[in-house]
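As structure tokens, the structure follows; a few thoughts come after it.
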């Protein structure tokens, strides 16, 4: 695997749209070719070379390419978005859409990310070693297809509207979340190690939510059904199982109604 | 009686605010309609203010001087209301939860008596915040 | 204006019966002429196909429900909203393109006219605002009447003259083109959450049946002598077993004679008949009813139809058939918009994914192709996708390719996940007909032009007609055997003339043309009863004043008014 | 001789009343009186003739005072600002005509603007919800003619849409509702006992910010599932009783407002209200409608819809694509994050209606405000361009809260020499073209 290293040399004045910073865009390119890829601040068209010192060269394909980014990326959007393979490591906080529409590969952010990250993620591994903003792993506006695959892990806290319209994959949040977790969820698995601030699993149709901490206000459409022993993300514990939002439609499979499940650690 | 009470703030339209707005943002009607805080009688008692006393309302983003009044549209104790306008917006948190909508309703404020503090005009309250007010 | 001579093209013109002969077409002052001077610009069309500009007879391209479908589906254009180099604006949207993209895409495919299929009169201003902003193509809109309280009340007592007078008034107020009927009676029933599934189901409160509404509106349409016939979206759309209701409705036209000065021969246009040609009792035993329906259509000369071809895409369904959209939402649970319009109509919108892996959707696809393949008279069967219901209109090239190449459609048919089931439930595999370029010109040019009452100016290349000319990169002598090549050729014209101006060149928009809005001004005898009823209804039941109802001229600055006189 | 102009449309709120009668002076210059309007609408017409109205553009000087400039200078300054800025917020549009918006969008596409309208701080939440789950709705006349259950949830038409209740929702007698108010059951759900609540047959006091939970409980009850004892401060018996009554409706409607869009959870509060409406359609006929605020905020959404396919927050900053993401391309977020370089405000007053932190950010950027009157934003802008009042001094298309388009009327002449929005924008557009042809500002 070849490594390309990007080091921020000029900070953007506005926010920089880095839709070309991903393994697929870099694949098969040398440093000087990568430097010529477009980067955008509003209507001003510049290149990655205007903002980054670029060393190394990419592999022939995305899968053979690793990108390491150093320097302050707080005002950079779309890093690692739509990547299908390979690896991206960002040693900074990032702005919006980091890892969104990701289909494969590995993305690690050693810092915080802003809102709309991991949006409609379909595959791969995305690890945020900091806090995440709002709409993590959610669907794009209007879409009923949110995160559908892959593994998304946040070491810190996440914001509001996390995993809205999630249909598959696995999300682990080691800290706390703000209001609305797993709203409209229709599949997949959420593991919350910390606490939730209201409205967990509202309008949930299918899928599983595991909560290790507390939920300060429980949704009225949840009904405790039994106690279960489970091993969740490496932790064995006793959980109370709730049936999903009973106000929502639930599909039938083989004559049986399918409910969503919420497990609260006891 | 307490020096300072914490209330849950909502900012809403009122018909007086609407009339005042159409009369002009610098009109007396607008000033009268918007430079007030509606509080429940119990909260006013708790704070020890009479009707029409100026108070200082402080949120996480700033403070504003308005006049405490009892409302025609009943509130529950603990809930307070300032009509929509530059005075209310002096204390509205701009955080949007990534929805575009700031926290116009449902944010905590501290209310304390400020009987002698003057209420600024609509333009001044904005200019003051933006550092454009020339004294 | 410049003169042009289009030389050496293979011309297909049903109006003159030209079937691919090499012929030069002369253009002057926006019209086709016998000849032009030596200074005329020469367009070399050798090895190319030349046809008149195509006409869209039924699409949802402008108005409230179209726009609701646009803006509530940001996901339909996310990452797909770009500006092409040149004079064009940003073009967005896959299943429901923005107005700019709508105009450009029709033009790129060789269209010069489109009929907006359903205009709620109360929202007419909105329809015209969008038509105004849609570049290049000429447009008109059909106001909906099949659930209108005035109509229901007049036709309950068979008052054809009052019905006609009211229609004339609405056409003038809304700048409308003709009489559209959607789920007659059923949409009014929907205001109470009900529906009319056969043509004999009574409409709640109004004590009338869909059959009576259809019969009455046909009579009123001919009483006025409008350029287009009554244009109907029938009851019981999209349900297994509905082909019987379809034929029942078509039979209502028996014995009704067209009366007009436009050369129109039909009295009923039955739209997107694919959705109405299903046998069976449920989605399990669902079968094609296209053969039965088309056998009747072929016999009955005063009918025209359009197909409503399913294109197997993710799209957005939208119709004034409110109860149907509710039903559809119950099936796929995707986001549902409904709007009931006071005294007039309703509309619904639901996104829909015609997944080719699903046997029902694949069968609908086959039914849609069977219809034109069974059609004996291509002048009475028109190709549509009921845009965007069965698929976006931008898929026409693919539909043409499926119809023109048996190999291409069989490739699709045989590779369905549930191919056996689809082949068993439909007749398509047994059909070897391939639509010819001449037949295509009938189905997309001369036919719809005649049905819309526009054959004087549109749909042909005869001197005196509008110089709306599409030149395709297709050599009929070497007709492509590859379906994709057919698609490609129809997707981007080599050249499009609109009113004698080159608007598209090699797929690139070169000029915004001079788009016109068509509407019909029908003159009727003074009718005090109707005038009184209108006043009364606005006073008591409408939420706006009568004086704020009409669409002013500024909304159609380039209007083309077709006048009819029913006072004689 | 004074004369009456009839069927005048009120350019204040989304109710868009179209039955006003305005008396104007013989010379068509002065409004002498307004009939049928609510207090706010009447005030708007009366404001037209207030003394001291600004009639020419004003440029702010270094010392903070304003100096009159010509329209030509103002147009040139604005065009140069737009051409120079890499990303410009172009916010407002809710109080102008659809025709003016169209020209504005053309400018935005050329200069890389982000077009956002007042929904962004009003019913933007509702638009997000509709994008997510659709909306079963109807026109206001349907409510008048058919509705027998009316729910006002987190809205206060008595104050914000003063004639709504008499024209459409509570009192009018319609075709199937000959008994008027007597034939309707009116519910009001709010955190305070508003003047609208006083008109209702039943008031349900919800704890502020608990609407989502309460609506969820309504849905849970409608499916016959068990509930906790109280939800959002409302006892479960009450919830069940109301749900059972709603199922008995022949035609029900929910009107909702800022109580849902501004409270915690925002779009989700509307989302679930829409889903309750959807559920009720399994039992009877039910509709839901947003009480849109500005008279033509709906129109802005419509025009943006047919031109770009998004209802607000349309990001054209790249000039070759249109994008939309509430939370990113919405005005308050753009200002909070200082994502834009210049601000262009038209037919709006963010200075009065945006939270102060957003305005502090705005005040540090070159700013042009186009508005008929002096208001808060004009006073912190670099340039204020006054224009004729749309719906009073010039006409144009507007969309009512139920999306019904109505052509507003011109009733009097604007002050001598004043431009309309359409005229001004056309000239700015032209100037932008000239600058771009020359290669920039």
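When the range C:285-300 is filtered for residues that are touching a helix residue (DSSP H, G or I) at 6+ places or on another chain (Cβ under 9 Å) and free of Cβ contacts under 8 Å to residues at least 60 places away in the same chain, the ones remaining, listed by number, are C:285, C:292, C:296, C:300.
Restricted to the range D:275-293, and to residues there that are touching a strand residue (DSSP E or B) at 6+ places or on another chain (Cβ under 7 Å) and closer than 27 Å to residue D:391 by Cβ, the residue that is farthest from the other protein chains (Cβ to nearest Cβ) is D:290. Across the range D:296-310, the number of residues qualifying as more than 26 Å from residue D:409 (Cβ to Cβ) and either more than 14 Å from chain B (Cβ to nearest Cβ) or in contact (Cβ under 8 Å) with a residue 24 or more places away in the chain (or both) comes to 2. Examine the range D:11-31 for a residue that is surrounded by 24 or more Cβ atoms within 10 Å (Cβ to Cβ), part of a loop (DSSP other than H, G, I, E, B) and away from every other protein chain (no Cβ under 13 Å), and state whether such a residue exists. No, the range D:11-31 contains no residue that is surrounded by 24 or more Cβ atoms within 10 Å (Cβ to Cβ), part of a loop (DSSP other than H, G, I, E, B) and away from every other protein chain (no Cβ under 13 Å). The single condition among (1) closer than 27 Å to residue D:205 by Cβ; (2) out of contact with any helix residue (DSSP H, G or I) (no Cβ under 7 Å at 6 or more places or on another chain) that residue B:119 does not satisfy is (1). Checked against (1) more than 14 Å from every other protein chain (Cβ to nearest Cβ); (2) touching a residue at least 60 places away in the same chain (Cβ under 8 Å), residue C:314 meets all criteria but (1). For the range C:50-63, a residue qualifies if it is touching a helix residue (DSSP H, G or I) at 6+ places or on another chain (Cβ under 6 Å) and not in a loop (DSSP other than H, G, I, E, B), and the qualifying residues are C:51, C:52, C:54, C:55, C:57, C:59. If residue C:59 satisfies every condition in (1) over 12 Å from residue C:467 (Cβ atoms); (2) surrounded by fewer than 24 Cβ atoms within 10 Å (Cβ to Cβ) but one, which is the exception? Failing condition for residue C:59: (2). Exactly one residue among C:397, C:463 is surrounded by fewer than 22 Cβ atoms within 10 Å (Cβ to Cβ) and touching a helix residue (DSSP H, G or I) at 6+ places or on another chain (Cβ under 9 Å), and that residue is C:397.
Within the range B:1-39, the set of residues being in a loop (DSSP other than H, G, I, E, B) and free of Cβ contacts under 8 Å to residues at least 40 places away in the same chain comprises B:24, B:27.
Give the range A:172-204 a look and list any residue that's on the phi < 0 side of the Ramachandran plot and surrounded by fewer than 21 Cβ atoms within 10 Å (Cβ to Cβ), or say none.
Listed by number, the residues that qualify are A:172, A:174, A:175, A:176, A:178, A:191, A:193, A:194, A:195, A:197.
Figure legend. Inter-residue proximity from the range C:524-541: first residues without any contact (Cβ under 8 Å) to a residue 24 or more places away in the chain, second residues outside any loop (DSSP other than H, G, I, E, B) and surrounded by fewer than 17 Cβ atoms within 10 Å (Cβ to Cβ), beta-carbon distance below 7 Å, spacing 6+ or different chains. Indicated pairs: C:535/C:546; C:538/C:546. What about residue D:274, is it in contact with a helix residue (DSSP H, G or I) (Cβ under 7 Å, 6 or more places away or on another chain), in contact (Cβ under 8 Å) with a residue 60 or more places away in the chain and not in a helix (DSSP H, G or I)? So residue D:274 does not fit the description; no.
Residues in the range D:34-43 that are touching a residue at least 12 places away in the same chain (Cβ under 8 Å) and touching a strand residue (DSSP E or B) at 6+ places or on another chain (Cβ under 8 Å) were compared, and the one that is farthest from the other protein chains (Cβ to nearest Cβ) is D:35. Taking the criterion of being within 14 Å of chain A (Cβ to nearest Cβ), crowded, with 24+ Cβ neighbours inside 10 Å and in a helix (DSSP H, G or I), would at least one residue in the range D:69-79 satisfy it? The answer is no, given that none of the residues of the range D:69-79 is within 14 Å of chain A (Cβ to nearest Cβ), crowded, with 24+ Cβ neighbours inside 10 Å and in a helix (DSSP H, G or I).
Please work out which residue is surrounded by the most Cβ atoms within 10 Å (Cβ to Cβ), limiting yourself to the range D:158-180 and to residues that are touching a strand residue (DSSP E or B) at 6+ places or on another chain (Cβ under 7 Å) and more than 9 Å from every other protein chain (Cβ to nearest Cβ). Only one residue fits best here, namely D:161.
Residues of the range D:354-390 that are assigned to a strand (DSSP E or B) and more than 23 Å from the chain's Cα centre (by Cα): D:383 alone.
Against the condition within 11 Å of chain C (Cβ to nearest Cβ), out of contact with any strand residue (DSSP E or B) (no Cβ under 6 Å at 6 or more places or on another chain), closer than 30 Å to residue D:432 by Cα and part of a helix (DSSP H, G or I), how does residue D:106 come out, does it pass? Answer is yes for this residue.
Within the range A:240-266, being surrounded by 10 or more Cβ atoms within 10 Å (Cβ to Cβ) and in a strand (DSSP E or B) holds for A:240, A:241, A:242, A:243, A:257, A:261, A:262, A:263, A:264, A:265.
For the range D:252-274, a tally of residues being surrounded by fewer than 24 Cβ atoms within 10 Å (Cβ to Cβ) and within 13 Å of chain C (Cβ to nearest Cβ) returns 0. Sub-6 Å Cβ pairs linking a first residue in the range C:204-231 that is within 14 Å of chain D (Cβ to nearest Cβ) to a second residue that is buried (at least 22 other Cβ atoms within 10 Å of the Cβ) and modelled with pLDDT of 95 or more, at least 6 apart or interchain, are C:204/C:189; C:206/C:152, ordered by first then second residue. Taken over the range C:266-283, residues that are assigned to a loop (DSSP other than H, G, I, E, B) and in contact with a helix residue (DSSP H, G or I) (Cβ under 7 Å, 6 or more places away or on another chain) amount to 4. Considering the range C:75-172, the qualifying strands (runs of 3 or more DSSP E), each wholly inside and each with 1 or more residues that are buried (at least 24 other Cβ atoms within 10 Å of the Cβ) and either away from chain A (no Cβ under 14 Å) or under 24 Å from the mean Cα position of the chain (by Cα) (or both), run over C:90-92, C:111-119, C:138-143. Of all residues in the range B:77-107, those that are more than 7 Å from chain D (Cβ to nearest Cβ) and over 20 Å from residue B:120 (Cβ atoms) total 5. Restricting attention to the range C:344-369, the residues that are more than 14 Å from chain D (Cβ to nearest Cβ) and touching a strand residue (DSSP E or B) at 6+ places or on another chain (Cβ under 6 Å) total 2. If you check residue D:222 against the conditions, is it within 26 Å of the chain's Cα centre (by Cα) and in contact (Cβ under 8 Å) with a residue 40 or more places away in the chain? Taking the combined requirement at face value, the residue does not satisfy it.
The values are calculated or read from the model by the stated rules, or taken from the named source; none is laboratory data. Keep in mind that what you see is a predicted model, and the values were worked out from it rather than measured. Neighbour counts are summed over all protein chains in view; Cβ atoms, including those assigned to glycine, are modelled from backbone coordinates with ideal geometry.
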